[in-house]
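Accompanying notes for the structure given below.
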Amino acid sequence: MIKIGITGKIGTGKTTVSKILKLIGYKVFESDKEVRKAFLNLEIKEKIKKQFARNIPNLFFRNGFLNRKSLGKYVFSNKNELVILENIVHPIINQAQKLFIKNNKNDAVLFFDIPLLFEKKKYKNFDYIFYTFVEESVQKKRVLKRKEMTAKKFEKILKNQKHDLSKFRKYISLEINTIESKEEVKKKICIFLEKLNF
């Protein structure tokens, strides 16, 4: 089985690439989607409540759902608190990833959308890596359109996604500028995959 990681900073088109791959017929493990699922897990919610409720008064809505906007605002303002949250959530994400691999063990290739692949030193777990990028003005415009996003939060997220690309470029198999049309992006991906001959 070939494992291909998809990474890049926020707003650079990882989700677009994942959608294209799924339309072609490949399976993609989407980390952000799994994080949203984790926030619905009763055990995870209890751990988050125990850790953060004292410092975030409106941590949960009346219906019991986690206030992700308030939680995000708090942890992205405090790196130590972000690490604590990651230590709560990441184990269940890792379990989900292992299950994804197990359930699709007969597939020749699987894709994994992992935003912090370089920052968390997970790049060596993959045979190939797709790296998405786009010019900063386009990136900012895309991100600020998102629900619950502010310019301040965007800047804090970027600080946590810092990596020296020159150190990791040798691990990148395909760089994808998502300012190009979806058809162009799809064409580049297909050309790369055809060369693998799996």
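Any read-out appearing in this document is the output of simple, stated calculations on the displayed coordinates, not a laboratory observation. Predicted model only: the values in this text are computed from it and were never measured. With ideal geometry, Cβ positions are generated from the backbone for all residues, glycine too; neighbour counts draw on all protein chains shown.
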Quick one, could you list the DSSP H helices from the chain stretching 18 Å or more along their long axis (Cα atoms) with average Kyte-Doolittle hydropathy of 1.0 or above? none
Quick one: if you stick a label point 7 Å off each Cα along the C-beta vector at ASN197 and LYS73, how many nm between them? 5.7
Distance between Cα centroids, segment 37-55 to segment 79-112: provide it in whole Å. 18
Whose amide H sits under 5 Å from the amide H of PHE29, counting only residues 5 or more places off or on another chain, with H placed in the peptide plane? PHE111, PHE112, ASP113
Would you mind giving the three semi-axes, in whole Å and largest first, of the ellipsoid equivalent to segment 60-149 according to its Cα gyration tensor? 27, 21, 14
Which part of segment 35-61 falls in the paramagnetic zone of ASN125, meaning amide N under 15 Å from the point 7 Å along Cα-to-beta-carbon? 35
The chain: calculated mean residue ellipticity at 222 nm from DSSP helix runs of at least 4, using -39500 (n - 2.57): -15500 deg cm²/dmol
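Which FRET efficiency value, to the nearest 0.05, do you get for GLU135 and ARG54 by plugging their Cβ-Cβ distance into 1/(1 + (r/R0)^6) with R0 = 30 Å?
0.15
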Given 111-118, 157-164, the highest-first ranking by average Cβ count within 10 Å works out to 111-118, 157-164
Once you have the Cα-Cα distance between GLN161 and SER181, take 0.36 nm times their residue separation minus that, and quote the gain in nm to one decimal. 4.7 nm
Among PHE65, LEU82, PHE39 the positive-end extreme of the charge dipole of segment 33-103 (Cβ point charges): PHE65
If you average 1/r over every pair of different alpha-carbon atoms in segment 33-103 and take one over that average, what Kirkwood value in Å do you get? 12.7
hull vol. (C-alpha, convex hull) per residue for the chain, Å³ -> 131
How do SER31, SER70 rank when sorted from fewest to most other Cβ atoms within 10 Å of their own Cβ? SER70, SER31
What does DSSP give for the chain in terms of the percent of beta bridges that are antiparallel, rounded to the nearest 5? 5
Simple Cβ-charge dipole of the chain, Lys/Arg +1 and Asp/Glu -1, about Cα centre, in debye nearest 20: 580
